[in-house]
Structures are given as C-alpha cells and as structure tokens.
Amino acid sequence: MASPPAMLNHKIEARGIVRFKETARRSSTMVSAYSAATNNVTPRATRLVMEDSTTQNVLATFVGSFLFSLVGIVALTTGAYGEQGRVVLFVVTIGVIVLIVVTLLRWIDHLSRLGRVTETTRRVEEATLDAVKASRKSPNFGGSALDGDSLTPSTDDTPFFTNEIGYVQHLDAAALAKIADESKFDLVIVAMPGKLVSPARPLGWLRGAVGEDVLDRAAACFSIGDVRSFDQDPRFGASVLTEIASRALSPAVNDPGTAIDVISRAMRILHAWHDANSEAPDEIVYPQLHVATLSAADLFDDLFTPIARDGAGLVEVGLRLQKTLAMLSKLSAEFQANAVRHSKEALDRAAAVMQVEADMERLQAAAAAIAADDKHS
C-alpha cells in the first residue's frame, strides 16, 4: 500500500479541483448577495455590502487554498519534492484543511444575514453614525463656521473651480489650511462632501488675489466622483436610509415594518448628533478656514420628509413618525422647532390621502402632543 506522502499527489490534485469549484461557488454567492442588496434595499447600499471584511477574508481564504493546491500539484508533478518535502507538504495541507473548515463555519453563520434588508439597513445606519460622530467631533473640518451671509464671493475674493461634474466625496482640510497659510489669506469652503459641483460654481475662494497655481492646488484638495460617499457625508447615509423606507412603502413591496424600523434608526442617528453636539468639540485647528455648516434641520429633512410623503396613507407609519418626533422634540430647542415643523407637514400630507376618519383623529392627537410641548416651552 502506498504511503500517505506517496498518495499526496492525487489527493492534492483532487483537492485543487474542489477548491476551484468552491471558490467559484462562493463568488457566485457574493454576486447574489450584492444583487439582493440592490433589488431589495437600494443600489446605494451595495457598496457597504461589498466592503464587508468577513466576506473578503472568506474569499481570500478560498482563493489562497486554491493557489496552494495548484502550486502543490505543479511541484509534485515536476518531482520538485523528495520524500521529506512530501511529508512537509502533507502536514501543511492538513493545516490548510483546518483553516478552510473554520472559515466555512464562520461563513455559514455570516451568509444567513448577508444581503438581507435588516442587515443592510444596519450597515447603512452604522456608516451614517460614524459620519455623524466624526462631523460633530470636528465641526467644520477643524475650521470656523462660515457666516450664512458669506456664501457668495465678493469682488476682492479669488474663487477656485473644478473641471469635473460630480459629487464632492472628500476634502483635505489640512492641505487647504496649508495653502491658506502660504498665501496669507483666509480660505472659504462652500462645496461640502455630498454637494453636486460643476465648472460653473466655485468650490470655494481665497479672500485675496492669488495666482493660478494656488487655485489649482486648492481645487486638487477636493475628491470628486460620480457617486456620493458615506465617509464625510452624513446626509448621504440619511438619504440612503430613507430610500430603503421609500422602497418598502412602495405598492410593489408594501412593507411598512421596514419603514418603521428606519424611523427608529433615524431617531438614533439624530440622538447621536445631539449627544455629540453636547460634548466639547475639538478646538479650531484651522482658524484660517471658513467652512459651511451642516445643520440639524438638514438631517431632519433628509430623514423624515420622504417617509412622511410615501407613508402618508398608512396610520401605523404616521403614528410611529409622530411619536419619534415627540421624543426628539424634548432634546433641545433646535430639535423641538424641527420636530414641530415636520409633525405639521406629516399631518398635512396624511390629511390629503387618509381615508378613515378614526385614523386621522389618532394622528391629530399624536401631533397635538408635540404642538402642546412647543407652546409650553
């Protein structure tokens, strides 16, 4: 009978074929998960599914095991290994098999959640929370807040433009601050991450006359792409969440439970915004930068307006929205003003389409509680 090392050639060859088929099947599973995220949630959330580290590790393990088997087959076929080398290869093969089994068990557990609506929605919420906390920890990217009356350049300012049409994905505040220091002029930033820009409107301007080379350097500090990014753009995450809710509320899906789940996640995002705002923010590290400010009103609009519009005819969605706004209204005066505004707008939308008088009365009672708190404050 042949010894284990002598039989290893055929075993590794068969295992290489198995690994190839397994890798192909895993890749097919990943494509199915991406397709599910696109069709069942929103195409904007697919990127978060693709960035999943567990999935990437699993695919890397299977690709690595396939390559190991392939190299083993070639080496054994050419006679590169002696008896001792075959024994070492046999031991390493056992280790690779153990690694594959452990990875496969982790993958099975992970696969049960990958691409599902709840899991993808959770990923969008986490990405949005990270962006919100980063934004509140370092407001205005370390610069000072730009006055609302200074959103257009004066005749003494020198604006800089981009040659592209797309969304601002990232801006390098440190590099912009260095340019401002070298030019001895303050620098204004109006094109925040998430804003659609074009050569017709400036990304910002320096408050003084500078050369074209300085303007080109300033424009190069902005990364512009075809799609928005979650990293520095909390409003994008909020918009993706409401896209999920809007799709769930469409007649083709008819899933108000997902919309209610999104409303709860929206409340957590705004609560995190408030909590981060109550903490002492980082000091202004770039006083020469003046940056447009993201307000709570923007997040309220992004999170609640689409849901109030698409769920206007569903009493369960309307009640959850009113109760959420009531809880948010107690956090601060700014939140209260926005909650009252959205409560009234949601009630008006519901009044236009609600068909049952009893449902409308329940919504009016919930909205009245928010209005009463506003009067007493």
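Where the eigenvalues come from the Cα gyration tensor of the range 42-101, what are the semi-axes √(5λ) of the equivalent ellipsoid, largest first, in whole Å?
On the way: eigenvalues 250, 29, 6 Å².
Each semi-axis is the square root of five times an eigenvalue, giving 35, 12, 5 Å.
Find the relative contact order for the range 279-365 and round it to a whole percent, using C-alpha pairs within less than 8 Å whose residues are 6+ positions apart. Don't skip to the answer; put the middle values down first.
Details: 60 pairs, mean separation 26.8, N = 87.
Relative contact order for the range 279-365 comes out at 31 percent.
The calculated Kirkwood hydrodynamic radius for the range 197-338 is 17.9 Å, given to one decimal from all distinct C-alpha pairs.
Taking all protein chains as shown and a probe of 1.4 angstrom, His342 keeps an accessible surface of around 10 Å². Scaled to the globular estimate 2.2 N^0.38 Å, the Cα spread of the range 133-201, given as radius of gyration, is 1.16. The slack in the chain from Asp275 to Ala200, taken as 0.36 nm per residue of separation less the alpha-carbon distance, amounts to 23.2 nm.
Computed over the range 54-150, the P(r) curve from all C-alpha pair distances, binned at 10 Å from the origin, holds 12, 24, 19, 16, 14, 10, 4, 2, 0 percent per bin.
Extension gain, Ile108 to Lys137, is 6.7 nm, computed as 0.36 nm per intervening residue step minus the present C-alpha separation.
Shown are Val240, Val102, whose ranking by accessible area with a 1.4 Å probe and every protein chain present, most to least, is Val102, Val240.
Taking all protein chains as they are arranged and a probe of 1.4 Å, the heavy atoms of Val353 leave approximately 80 Å² accessible to solvent. Put the Cα centre of the range 212-276 next to the Cα centre of the range 40-111 and the gap is 35 Å.
The 3J(HN,Hα) values that the Karplus relation (6.51, -1.76, 1.60; θ = phi - 60°) gives for the range 53-63 are, in residue order, 5, 4, 5, 5, 5, 5, 5, 5, 5, 5, 5 Hz. Gly and Pro appear as x.
Taking amide H as placed 1.01 Å from N in the peptide plane, Asp186 has its amide H under 5 Å from the amide H of Arg207, each at least 5 places away in sequence or on another chain. The rule of thumb for compact globular proteins, 2.2 N^0.38 Å, goes into the C-alpha radius of gyration of the range 195-257 1.77 times.
Do any of Lys133/Lys330; Lys195/Lys344; Lys137/Lys195; Lys195/Lys323; Lys323/Lys344; Lys137/Lys344 go past 24 Å between their Cα atoms, and which?
Pairs exceeding 24 Å: Lys195/Lys344; Lys195/Lys323; Lys137/Lys344.
Charged side chains reduced to their Cβ positions (Lys and Arg at +1, Asp and Glu at -1) give the range 195-329 a dipole of some 360 debye around its Cα centre.
Just in the range 230-335: which trypsin sites (Lys or Arg not before Pro) are loop by DSSP and have at most 13 other Cβ atoms within 10 Å? Those that pass, being in a loop and sparsely packed, are Lys330. Within the assembled protein chains, the solvent-accessible surface assigned to Leu151 is about 100 Å², based on a 1.4 Å probe. Shape descriptor for the range 147-278: Rg over Rh equals 1.11 (Cα atoms; Rh from the Kirkwood inverse mean 1/r). Among the GluC sites (Glu not before Pro) in the range 278-377, those placed in a DSSP loop whose Cβ has at most 14 other Cβ atoms within 10 Å are Glu279, Glu283.
State the answer as a single residue: which of Leu347, Ser332, Ala312 lies farthest towards the positive end of the charge dipole of the range 311-377, with beta carbon charges of +1 for Lys and Arg and -1 for Asp and Glu, about the Cα centre. The Cα lying farthest towards the positive end belongs to Ser332. Computed extension length for Ala220-Met50: 58.4 nm, one decimal, from 0.36 nm per residue of separation with the Cα-Cα distance subtracted.
For Glu345 and Gln84, FRET efficiency with R0 = 51 Å and r from the beta-carbon atoms, rounded to 0.05? Write down the numbers at each step before the final one.
Numbers: r = 78 Å, r/R0 = 1.53.
Taking R0 as 51 Å, the efficiency between Gln84 and Glu345 is 0.05.
Evaluate the relative contact order of the range 129-248 (contact order divided by residue number), counting alpha-carbon pairs under 8 angstrom at least 6 apart; express in whole percent. 35 percent.
The three principal axes of the Cα atoms in the range 282-349 give end-to-end lengths of 50, 23, 16 Å, sorted in falling order. Tell me whether the range 223-266 comes out rounded, prolate or oblate; compute the Cα gyration tensor, take square roots of the eigenvalues as a ≥ b ≥ c, and use a/c under 1.5 as the rounded threshold. Oblate, since a/c reaches 1.5 and b/c is not below a/b.
The values are calculated or read from the model by the stated rules, or taken from the named source; none is laboratory data. In this text the structure is predicted, and so the values were computed from the model without any measurement. All Cβ positions, even for glycine, are placed from backbone atoms using ideal geometry, and neighbour counts span all protein chains on display. Accessible surface is based on the protein model in full, side chains and every heavy atom, while ligands, DNA and RNA are left aside. Shrake-Rupley method; radii C 1.70, N 1.55, O 1.52, S 1.80 Å.
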